[in-house]
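Scroll down for the structure; my scribbles are underneath it.
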Amino acid sequence: MNKISIAIHGGAGTILQSSMTAEKEKEYTEALQEALEAGYSVLENNGTALDAVEKAVIVLENCPLFNAAKGAVFNAIGKHEMDASIMEGKNRMAGAVCGIHSIQNPVSLARQVMEQKEHVLLMGEGAMDFAATIGFPFIDDDYFYDEFRYNQWLKIKDSENFQLDHTEKKDEKFGTVGAVALDAHGNIAAATSTGGMTNKKFGRVGDSPIIGAGTYANNETCAVSCTGSGEYFIRGVVAYDVSCLIEHKGLSLQEACDEVIQKRLHDIGGDGGLIAVDTKGNITLSFNTEGMYRACKNNEGKNEVSIYK
């Protein structure tokens, strides 16, 4: 069988290790393993990388431990604004949505944009109108309510503060989710989904739904999904930068990821991480924070779930 590989993340900038209980760590590792197995089972059954990353991200979106869909944080008016994107490497088709609500799995709506529209990115009510026209199911806002997230928001609501997933106070932050995969046909894909940041205002959008910043896939190079301080990932065009270093400078996947995350992103003040896979099945999980919720698996015996360095 040809090589198959998958990697997932549940955000960089984790709970401080000193604050992590054994019970909580078990919850996270089990959730990551479940998402990993969901995506890997697609690959194992000769499915596509695109299906695999969507499936893995759906499992993470359905888990309130992570800041995406069911676990999405609250914005400045106590609502949820979610973003997601997906891309395949063979033809470099991509779809994305931002500022949406009432959608159980934003990554699946992003895929519908990719497959049904000539556009790449749909925003806000326009994206919601598109969802309605194709009969995409809506879900009541109560589904997204999480008491921990709500209390997180209450601490800073009515202030000018907002809470990133990767600021200094790392014991109360959880991030974006994503997946990258290589299938048996030699194709790669990437997907990313997020609830953004607590108390965000003015329709703020981070890197997750922006192709080339938070998500990228190209069969000639690699597939990448990012998590971190989104403004810096946008400014650094991080996901594409990894691909570009491989294509134009001949760097390996590991070298390119480390150059971007450990040096270029760090040099402009950004923190976070990424997961990446290439068409040789190599996997890289690079981050410059204390930890990153992450997991990876291939058909050569690798099966790893980690949180800290």
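The values are calculated or read from the model by the stated rules, or taken from the named source; none is laboratory data. Bear in mind that the values here come from a model prediction, so they are computed numbers and not experimental data. Note that each Cβ is placed from the backbone with ideal geometry, even for glycine, and that neighbours are counted across all protein chains shown.
Kindly check whether there is at least one residue in region 66-88 that is crowded, with 22+ Cβ neighbours inside 10 Å, more than 16 Å from Thr215 (Cβ to Cβ), of a type in the set (Val, Ile, Thr) and in contact with a Lys or Arg (Cβ under 7 Å, 6 or more places away or on another chain).
yes
Have a look at Val237, Val205 and point out the one that is over 26 Å from Gly78 (Cα atoms) and out of contact with any Lys or Arg (no Cβ under 9 Å at 6 or more places or on another chain).
Exactly one residue qualifies, and that residue is Val237.
Filter region 121-136 down to the residues that are in contact (Cβ under 8 Å) with a residue 12 or more places away in the chain, surrounded by fewer than 19 Cβ atoms within 10 Å (Cβ to Cβ) and under 25 Å from Phe66 (Cα atoms) and list them by number.
Met123, Gly124, Phe136, listed by residue number.
Please tell me if Asp267 is closer than 22 Å to Ile188 by Cβ and at pLDDT 95 or above.
No.
Could you tell me which numbered condition Asp278 fails, if it satisfies all but one of (1) surrounded by fewer than 24 Cβ atoms within 10 Å (Cβ to Cβ); (2) of a type in the set (D, E, K, R); (3) touching a Leu at 6+ places or on another chain (Cβ under 8 Å)?
Status for Asp278: all satisfied but (1).
Which count do you get for residues in region 200-216 that are surrounded by fewer than 24 Cβ atoms within 10 Å (Cβ to Cβ) and farther than 17 Å from Ser108 by Cα?
7
Can you name the condition, by its number, that Leu245 falls short on among (1) buried (at least 21 other Cβ atoms within 10 Å of the Cβ); (2) touching a strand residue (DSSP E or B) at 6+ places or on another chain (Cβ under 9 Å)?
Checking Leu245 against (1) buried (at least 21 other Cβ atoms within 10 Å of the Cβ); (2) touching a strand residue (DSSP E or B) at 6+ places or on another chain (Cβ under 9 Å), the one that fails is (2).
When you scan region 203-309 for strands (runs of 3 or more DSSP E) that lie fully inside it, which ones turn up with 1 or more residues that are among the aromatic types (Phe, Trp, Tyr)?
Filter on region 203-309 gives 215-217, 283-287, 291-298, 303-308.
Is it the case, given these coordinates, that Ile58 is more than 14 Å from Gly10 (Cα to Cα) and either among the aliphatic types (A, V, I, L, M) or crowded, with 22+ Cβ neighbours inside 10 Å (or both)?
Details: more than 14 Å from Gly10 (Cα to Cα): no; either among the aliphatic types (A, V, I, L, M) or crowded, with 22+ Cβ neighbours inside 10 Å (or both): yes.
When the stated conditions are applied, Ile58 does not pass them.
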